[in-house]
1. How many residues does segment 30-49 contain that are of a type outside the set (Ser, Thr, Tyr) and open to solvent by 30 Å² or more (accessible area, probe 1.4 Å)?
2. Among the listed residues 240, 259, which satisfies the condition of being at pLDDT below 95, over 27 Å from residue 27 (Cα atoms) and open to solvent by 20 Å² or more (accessible area, probe 1.4 Å)?
3. Cβ-Cβ distance below 8 Å, separation of 6 or more or different chains: which pairs start in segment 302-315 with a residue that is farther than 15 Å from residue 337 by Cα and touching a residue at least 60 places away in the same chain (Cβ under 8 Å) and end on one that is open to solvent by less than 20 Å² (accessible area, probe 1.4 Å) and assigned to a helix (DSSP H, G or I)?
4. So in segment 129-148, with the set limited to residues that are acidic (Asp, Glu) and either modelled with pLDDT under 95 or outside any helix (DSSP H, G or I) (or both), which one is most open to solvent (accessible area, probe 1.4 Å)?
5. Any residue in segment 87-101 that is in contact (Cβ under 8 Å) with a residue 12 or more places away in the chain and part of a strand (DSSP E or B) sitting within a Cβ distance under 9 Å of a residue that is open to solvent by less than 70 Å² (accessible area, probe 1.4 Å) and among the hydroxyl-bearing types (Ser, Thr, Tyr)? List the pairs, counting only those 6 or more apart or interchain.
6. If residue 199 passes every condition in (1) open to solvent by 60 Å² or more (accessible area, probe 1.4 Å); (2) at pLDDT 95 or above; (3) not in a helix (DSSP H, G or I) but one, which one does it miss?
7. Using the structure shown, decide if residue 138 is free of Cβ contacts under 8 Å to residues at least 24 places away in the same chain and either touching a Cys at 6+ places or on another chain (Cβ under 7 Å) or more than 18 Å from residue 46 (Cβ to Cβ) (or both).
8. Quick check on residue 109: is it open to solvent by 10 Å² or more (accessible area, probe 1.4 Å) and either without any contact (Cβ under 8 Å) to a residue 12 or more places away in the chain or under 19 Å from the mean Cα position of the chain (by Cα) (or both)?
Amino acid sequence: MWAASTPVPHSPSGDQAGWIVGWDVHHGLSDLAHYQADFDEISIFAYELDANNHLVLEDDTASLNTQVPSALRPGARLFVTVVNDVQGRAGKQPAVIRDLVRDSKKMQAHIRELVAIAAPYNGLEIDYEALKKLPQDEKLTQNFNRFIQDLAVALHSQGKWLAIDIEPEPLNMDWRAIGQAVDEFKVMAYYDHCWGTDPGALMTPKTLQRIIEYARSQDVPAEKLMIALPTYGFDWTLTGSGTWKAEQLEHADPAALAGTGGTTLSQISRDENVQPHFSYSDSKGSKHDVWYADDESLARQKLTVIAIGERLHYPVKNFAYWRLGRGNINFHTLKITDPQPSRSSS
């Protein structure tokens, strides 16, 4: 049986990490089996909160706790991820986290629960999102810092690592303090274009540069920084009111969207950042615009990040991918992608 041990430090050449989710167990495990040797770390997207703010397993996740460990390569790290979803509520719940961390007794009780669920793993990953949607509050920032610092101390006393997933917008998040406390600082480089925007690239070099420059300015140790890139896509539909409505794609082959009767598919093209995209009209005549990730676009993003880091004398070498299971990403190709003299980040 797999047993948690002291986590293996990051490789000097950089590590590759990914997530597996309970709502797509079969495909996630299939990717992990195929690319076992290419992942240095896997996180199981596992726990959320109940109505009383206690940790509970998300639906369809229990099987991953037994299946994923046996699929890891020797020496790979295994994390358990906790999100600020609350059963019975839609979307992330930042106010719940605000309330937990401003009450010392509640915070310490929460930390004890977190340390307990981390026992079978190499580490714990905190994915508490949308704090940026709350009013800017220095007290919230200070309370969250104390929460992360106390949690790190508690986990380290048990030989566990602490990772945190950070949104690119730093509102209500102190990157400097958090970066010093945690073992991994994963920035979610997602959503330049998504729900509520017009069609476009999922992530642009301009945003990647802003992320890396800000992390450096906040003294986040480069060896802890991990850039998380998206493996999915979005299908935007032009509505009758002239606005675009986005739907996240789960298809292994996005072009298959246009493969059914009554559709017309434009030629798949790439923007200046090699992000593939195409348009089509569905059987009802509605116009669609699709942008998605593939091996080539993800490799270019990785090379862009590495090049930005080199220019700043801030070597960024660790990458994560949200998520395994889509079936169209060659993670071996991404693992061995290295800068070439002929490639440019511009």
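1. Keep residues of segment 30-49 that are of a type outside the set (Ser, Thr, Tyr), which gives 31-34, 36-42, 44-46, 48-49.
Filter once more, keeping what is open to solvent by 30 Å² or more (accessible area, probe 1.4 Å): 33-34, 36-37.
Residues in segment 30-49 being of a type outside the set (Ser, Thr, Tyr) and open to solvent by 30 Å² or more (accessible area, probe 1.4 Å): 4 in total.
2. Numbers: 259 fails: over 27 Å from residue 27 (Cα atoms).
Checking each option against the conditions leaves just 240.
3. Sorted first by the residue in segment 302-315, then by its partner, the pairs are 308/208; 308/212; 309/212; 312/212; 314/212; 314/215; 315/309.
4. Only one residue fits best here, namely 137.
5. 92/128
6. Checking residue 199 against (1) open to solvent by 60 Å² or more (accessible area, probe 1.4 Å); (2) at pLDDT 95 or above; (3) not in a helix (DSSP H, G or I), the one that fails is (1).
7. Values: free of Cβ contacts under 8 Å to residues at least 24 places away in the same chain: yes; either touching a Cys at 6+ places or on another chain (Cβ under 7 Å) or more than 18 Å from residue 46 (Cβ to Cβ) (or both): yes.
When the stated conditions are applied, residue 138 passes them.
8. On the way: open to solvent by 10 Å² or more (accessible area, probe 1.4 Å): yes; either without any contact (Cβ under 8 Å) to a residue 12 or more places away in the chain or under 19 Å from the mean Cα position of the chain (by Cα) (or both): yes.
Criteria met by residue 109.
The values are calculated or read from the model by the stated rules, or taken from the named source; none is laboratory data. Keep in mind that what you see is a predicted model, and the values were worked out from it rather than measured. Cβ atoms come from the backbone with ideal geometry, glycine included; neighbour counts cover every protein chain shown. The accessibility values were calculated without ligands, DNA or RNA, using every heavy atom of the protein model including side chains. Shrake-Rupley method; radii C 1.70, N 1.55, O 1.52, S 1.80 Å.
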